[in-house]
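Right, one structure below, let's go through it.
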Amino acid sequence: MSNHPAPGTAPTHQCEVLIVGGGPAGATLATLLARQGRDVAMLEKEHHPRFHIGESLLPANVSLFDELGVRAEVEAIGMPKWGVEFVSPQHTQRSYVEFGDALDKSMPYAWQVRRSDLDEILFRNAAKSGARALEGHQVKRVAFDTEGATAEVMGEDGGTQTWRCRYLVDASGRDTLLASQFRTKTRHPKHASAAVFGHFRNARRLEGKKEGNITILWFEHGWFWFIPLADGSTSIGAVCWPYFLKTRQQRSLKQFFFDTIAMCPALAERLTEAELVDDQVHATGNYSYTANACTGERWALLGDAYAFIDPVFSSGVLLAMQSAFAAVPLIEATLDRPREAAAARRAFEQKMAFGPREFSWFIFRVTNPTMREFFMAPANPFRVKEALLSLLAGDIYGSTPLWRPLRILKGLYYLVSLQNLGRTWRAWRQRQVNIRDVEASGA
């Protein structure tokens, strides 16, 4: 509901829960809370559809789409993704793995999607569920007190509004509204990367069932993604150490991107007849970061507003949506059962740390030659390959018994690393050089 402001003052609006951001995290939470009958408002600074990178979904997303009632809509816009292709310059063979070979055989595929389309589906679904889903509203700053929060909001006409709520959720993505305001956002000390990306027509894809698979291609300064989309275009991106991005110097971003692609012959060959869509290349830095806290007395951070990790395992949308589901009991306790709020915050903190931690152990080592061997020639003693595929499918929140074989896989990693001590030492030293260069540059 709204109050009528006094003459000459900014209009004031009220709601029970105010969600900043209308991406997967915000829209998922808005849907869940609205279905409970709560007065929830979701403010998105842009208008859907709006561009966003991160087009590759995981099989574990499918059940979440089912719960939101949007699976058919997502399937209609998606390219089926049955697995992953790995390409390494140190190996003559290519590795193909399928999610259907994971421990849980019931989640064999996901989709590649245009995020502009996916995000709009989720946003409109929240509105259908009863949330006030408003576009063109940018939250600039938030003030908190013991009863809730007051947000300063700029409308697309440049006018200022104030919104009053009992609970505020930051789902602003990489804008990191609260973490930036609180100055609690820090670059991840063990991993830092930057990305350059664009979309191509006529890229040569895999054939048959594998056409929609994501391809991960390693090169000297990082790795590339190759994501086929249903409209015939292909998303191509290079994730690399920020020091490499700084070697661009006087070159245009487009020329730098094409020069980087040339460093990966396997990718360059697939793009022989391809052309860049709309002649646009994008870049983003500071890829991996986290906030020091994900919740407080009357607020919570969801998805990328809390943390972002290297996208090599396509975990972003899954972590965002899972954080929204995890926030529901936290908000319920805070608003309805305040004596349980402290315990609910602790439980939420544990859930928020869980996903990034489990993915990150493998992400931090994905460029290590020992880990690369595991991806390029996966074996299945003690079902470790099936467990690794379960991780790649995002199946870490259910009851699938993957933790014992994953512990064994980690043990094998350390054992093989010790057996190849010289190689391990050189890889470790190179990583330290990369990190040191990043810190020295202030990237």
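Whenever a residue of segment 171-187 is farther than 10 Å from A291 by Cβ, its partners that are open to solvent by 80 Å² or more (accessible area, probe 1.4 Å), lying with C-beta atoms within less than 7 angstrom and at least six residues away or across chains, give the pairs Q181/R141; R187/N286.
Here is a yes/no grid of residues against (1) among the acidic types (D, E); (2) over 21 Å from V84 (Cβ atoms); (3) within 16 Å of the chain's Cα centre (by Cα):
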{"residue": "I331", "(1), (2), (3)": "no, yes, no"}
{"residue": "A343", "(1), (2), (3)": "no, yes, no"}
{"residue": "G355", "(1), (2), (3)": "no, no, yes"}
{"residue": "T367", "(1), (2), (3)": "no, no, no"}
{"residue": "M376", "(1), (2), (3)": "no, no, no"}
{"residue": "A379", "(1), (2), (3)": "no, no, no"}
{"residue": "L391", "(1), (2), (3)": "no, no, yes"}
{"residue": "P401", "(1), (2), (3)": "no, yes, no"}
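Does A379 fit the bill of being surrounded by fewer than 18 Cβ atoms within 10 Å (Cβ to Cβ) and without any contact (Cβ under 8 Å) to a residue 60 or more places away in the chain? Taking the combined requirement at face value, the residue satisfies it. Taken over segment 108-121, residues that are open to solvent by 10 Å² or more (accessible area, probe 1.4 Å) and closer than 21 Å to T215 by Cβ amount to 4. Of the residues in segment 119-132, at least one is without any contact (Cβ under 8 Å) to a residue 60 or more places away in the chain, closer than 30 Å to R345 by Cβ and out of contact with any Phe, Trp or Tyr (no Cβ under 7 Å at 6 or more places or on another chain). Within segment 156-170, the set of residues being open to solvent by 10 Å² or more (accessible area, probe 1.4 Å) and in contact with a Gly (Cβ under 9 Å, 6 or more places away or on another chain) comprises E156, D157, Q161, R164, R166. Being touching a residue at least 60 places away in the same chain (Cβ under 8 Å), farther than 24 Å from F362 by Cβ and surrounded by fewer than 17 Cβ atoms within 10 Å (Cβ to Cβ): is that true of K246 here? Answer is yes for this residue. Each residue in segment 176-213 was checked for being outside any strand (DSSP E or B), modelled with pLDDT of 95 or more, surrounded by fewer than 19 Cβ atoms within 10 Å (Cβ to Cβ) and not hydrophobic (A, V, I, L, M, F, W, C), and 12 pass. Counting the residues of segment 279-335 that are within 30 Å of T215 (Cα to Cα), among the β-branched types (V, I, T) and outside any loop (DSSP other than H, G, I, E, B) gives 5.
Whenever a residue of segment 84-105 is closer than 16 Å to V312 by Cβ, its partners that are acidic (D, E), lying with C-beta atoms within less than 8 angstrom and at least six residues away or across chains, give the pairs S95/E85.
Scan segment 36-57 for residues that are out of contact with any Phe, Trp or Tyr (no Cβ under 8 Å at 6 or more places or on another chain) and over 14 Å from R132 (Cβ atoms) and the total you get is 10. Restricting T367, T400 to those that are modelled with pLDDT of 95 or more and in a loop (DSSP other than H, G, I, E, B) reduces the list to T400.
Filtering segment 255-290 down to residues that are modelled with pLDDT under 95 and more than 15 Å from S235 (Cβ to Cβ), which residue is surrounded by the most Cβ atoms within 10 Å (Cβ to Cβ)? Result: T290. All conditions but one from (1) modelled with pLDDT under 95; (2) within 26 Å of the chain's Cα centre (by Cα); (3) of a type outside the set (A, V, I, L, M) apply to Q138; the one that does not is (1). Restricting A387, A344, A427 to residues that are open to solvent by less than 50 Å² (accessible area, probe 1.4 Å), in a helix (DSSP H, G or I), modelled with pLDDT of 95 or more and under 29 Å from T186 (Cα atoms) narrows the list to A344. With the condition kept exactly as written, say whether any residue in segment 410-423 is basic (K, R), assigned to a helix (DSSP H, G or I) and modelled with pLDDT under 95. Yes: one or more hits.
The values are calculated or read from the model by the stated rules, or taken from the named source; none is laboratory data. Here the structure is a predicted model, which means the values were calculated and not measured. All Cβ positions, glycine included, derive from the backbone under ideal geometry; neighbour counts span all protein chains shown. Each accessible area value is taken on the protein alone, full model and side chains, heavy atoms only, with ligands, DNA and RNA left out. Shrake-Rupley method; radii C 1.70, N 1.55, O 1.52, S 1.80 Å.
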